[in-house]
Amino acid sequence: MRPSGRSVDQMRDITIETGIVKHAAGSCLIRCGDTHVICTASLEERVPPWLRNTGLGWVTAEYGMLPGATGSRNRREAAAGKQSGRTQEIQRLIGRSLRAGIDRSALGERQITVDCDVIQADGGTRCASITGGWVALSLALQTLRAKGEIKTDPLTDHVVAVSCGLYGGQAVLDLDYAEDSEAGTDANFVLTGAGTLIEVQGSAEGAPFSRRDLDRLLDLAEKGCAALKAAQAEAIAR
């Protein structure tokens with residue numbers, strides 16, 4: 001039995017509310033159960049120096065967790081004077097995941113920064129950030145098209161992400177914190193809307209897992225990502 005009472009292949013409730021930040025080119029609040037993340041996309045008419053005069057755009061990401069997002073206060077990383085290794089790893093994951101779903105030549109020489117701020121954490125914050133970040137990115141691109149600044153949509157596909165793991169000897173979908181903290185194996189899957197893989201992160205916390213276990217987790221991830229894609233499509237169509 002899962003702590004939440006969900007079936008092994010049941011996602012947490014998903015809601016995506018768009019347009020929550022007035023000045024952002026695209027924004028949303030994504031809720032995956034009790035994990036809530038604000039995602040905003042900001043436009044800049046410039047690219048990093050190594051991309052100048054290439055005709056290619058750039059999508060990058062920043063990630064952070066607010067002090068009250070968990071049971072004990074998280075110290076602001078700005079106060080510490082540096083980002084943690086975990087934060088750097090997650091924001092790089094978000095950036096490269098979102099870039100996998102975009103035609104950078106259609107974007108032109110401009111940069112979009114997607115900021116993901118976790119306001120409440122209950123497991124799966126990086127996956128929620130990728131899924132919500134894609135919505136914010138999509139809305140920002142809609143803004144560019146509405147202004148006539150780009151002629152074709154640079155988006156090539158949806159990008160979604162979900163966690164799966166082995167908990168109590170069972171493969172389960174969409175881990176919350178209670179499961180993630182005790183899972184024998186946990187994995188994050190980033191997929192396109194077509195179901196192709198962008199990234200897989202998986203590790204055994206105890207006994208090694210088998211190829212069959214990995215296949216079971218991937219099957220669950222494909223089901224969960226289909227639900228997330230539908231939620232994204234509904235959000236950007238409003």
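Here are a few things to note about the model shown:
- Evaluation of residue 210 against (1) at positive phi; (2) free of Cβ contacts under 8 Å to residues at least 60 places away in the same chain (one fails), failing number: (1)
- Of the strands (runs of 3 or more DSSP E) that lie entirely inside region 166-213, those containing 2 or more residues that are within 16 Å of residue 93 (Cα to Cα) span 185-192, 197-204.
- Checking the stated criteria, residue 89 turns out to be more than 24 Å from residue 139 (Cα to Cα), surrounded by fewer than 21 Cβ atoms within 10 Å (Cβ to Cβ) and among the acidic types (Asp, Glu).
- Selection of region 148-165 for residues being within 16 Å of the chain's Cα centre (by Cα) and assigned to a loop (DSSP other than H, G, I, E, B) yields 157, 158.
- Region 17-33, subset under 12 Å from residue 133 (Cα atoms) and β-branched (Val, Ile, Thr), residue surrounded by the fewest Cβ atoms within 10 Å (Cβ to Cβ): 18
- Residues in region 7-16 that are touching a residue at least 40 places away in the same chain (Cβ under 8 Å) and either surrounded by fewer than 18 Cβ atoms within 10 Å (Cβ to Cβ) or not hydrophobic (A, V, I, L, M, F, W, C) (or both): 8, 9, 10, 12, 15.
- You will find that of 79, 69, 140, 41, the residue that is among the small types (Gly, Ala, Ser), within 20 Å of the chain's Cα centre (by Cα) and in a helix (DSSP H, G or I) is 140 and no other.
- Scope region 44-66; condition part of a helix (DSSP H, G or I) and either farther than 21 Å from residue 92 by Cα or under 20 Å from the mean Cα position of the chain (by Cα) (or both); matching residues: none
- Test for residue 161: is it over 17 Å from residue 90 (Cβ atoms) and not basic (Lys, Arg): no
Throughout, read-outs are computed from the coordinates displayed, never taken from laboratory work. The model shown is predicted, which means the values in this text are computed figures rather than measured ones. So basically every Cβ, Gly included, is an ideal-geometry build from the backbone, and we count neighbours across all protein chains shown.
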